[in-house]
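What follows is a short report on a single structure.
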Amino acid sequence: MKGNSMLAIIWDMDGTMVDTREAHWLAWKKILADEKYDLTWETFLKTFGQRNDTILRSLLGVSLPDAEIVRIGDTKEEAFREVLKGEGVKLLPGAGQIIDQAETNGWPQAVVSSAPRMNITAILEALNRPDTFTVLICAEDVSQGKPHPEGCITASRKLGVSPKNCIVLEDAPAGLTAARRAGMACVGVLSTHDHLSNADRVVNTLEEITLTDLEALVHEHKAF
């Protein structure tokens, strides 16, 4: 497929492509304990996938100074990468199959994540896929995180593919809302939430879906 007919996949990373939830949990738990905040698993899940500034202001107060957000956030990400070095990372079920099918069929792929670029590149290197994704949109690349559509729209523009020809793979409500606001088809993966709505299709794992299914969802979405 070429030109305006080209289709593209926009991936969320944490919880959709890879399971880094435990590594993030351990890092946040440790760093917030140093700030005298006792993070619970339930609160962690509610904030998982959000930008660090959003998380920290929701937990430590909206008046938290920018310098403190940077300090705590950077310390947390360093802790996350240390956990990653020790534990490694694996693709979630079905993710590798879709990535490989897309590569074989010439579909460009992007990552749109609220994580910093150093985390994304560390994960891709750990997966031995440093050059698979044409575009990486990370926390530093946008002024507004999910559910704002800025990340998805920026990825679409850099891929050179119309938003209506993109499909987003996501595990979180905020990411699905971002896809909808960008005018993109989307698939919700039930890896971190028990229920997802606002998606063209919801699956338990990406093993339940193929590239042919994704193409059909894009065309169905455009028909509405």
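The values are calculated or read from the model by the stated rules, or taken from the named source; none is laboratory data. Being a predicted model, the structure only gives us computed values, none of them experimental. Here the Cβ positions follow ideal geometry from the backbone for every residue, glycine too, while neighbour counts run over all protein chains shown.
Per-residue answers, yes or no, for (1) touching a strand residue (DSSP E or B) at 6+ places or on another chain (Cβ under 8 Å); (2) of a type outside the set (Asp, Glu); (3) at pLDDT below 95; (4) closer than 23 Å to residue 93 by Cα:
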| residue | (1), (2), (3), (4) |
| --- | --- |
| 9 | yes, yes, no, yes |
| 14 | no, no, yes, yes |
| 39 | no, yes, no, no |
| 48 | yes, yes, yes, yes |
| 51 | no, yes, yes, no |
For this session: Please work out if residue 70 is closer than 26 Å to residue 6 by Cα and modelled with pLDDT of 95 or more.
Result: no
Seminar exercise, completed: The one condition residue 101 fails out of (1) free of Cβ contacts under 8 Å to residues at least 60 places away in the same chain; (2) more than 16 Å from the chain's Cα centre (by Cα) is (1)
For this session: Report yes if some residue within the range 98-115 is over 24 Å from residue 211 (Cβ atoms) and outside the structural domain of residue 48 (by TED's automatic domain parsing); otherwise report no.
Result: yes
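Condition check ((1) farther than 28 Å from residue 135 by Cβ; (2) acidic (Asp, Glu); (3) in contact with a Gly (Cβ under 8 Å, 6 or more places away or on another chain); (4) in a loop (DSSP other than H, G, I, E, B)) across all residues:
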| site | (1), (2), (3), (4) |
| --- | --- |
| 28 | no, no, no, no |
| 53 | no, yes, yes, no |
| 74 | no, yes, no, no |
| 81 | no, no, no, no |
| 100 | no, yes, no, no |
| 118 | no, no, no, no |
Exercise. Right, residue 133: touching a His at 6+ places or on another chain (Cβ under 7 Å), of a type outside the set (S, T, N, Q) and closer than 24 Å to residue 21 by Cβ or not?
Worked result: no
Exercise. For the range 151-173, which residues satisfy the criterion of being polar (S, T, N, Q) and either outside any loop (DSSP other than H, G, I, E, B) or more than 21 Å from residue 220 (Cα to Cα) (or both)?
Worked result: 154, 156, 165
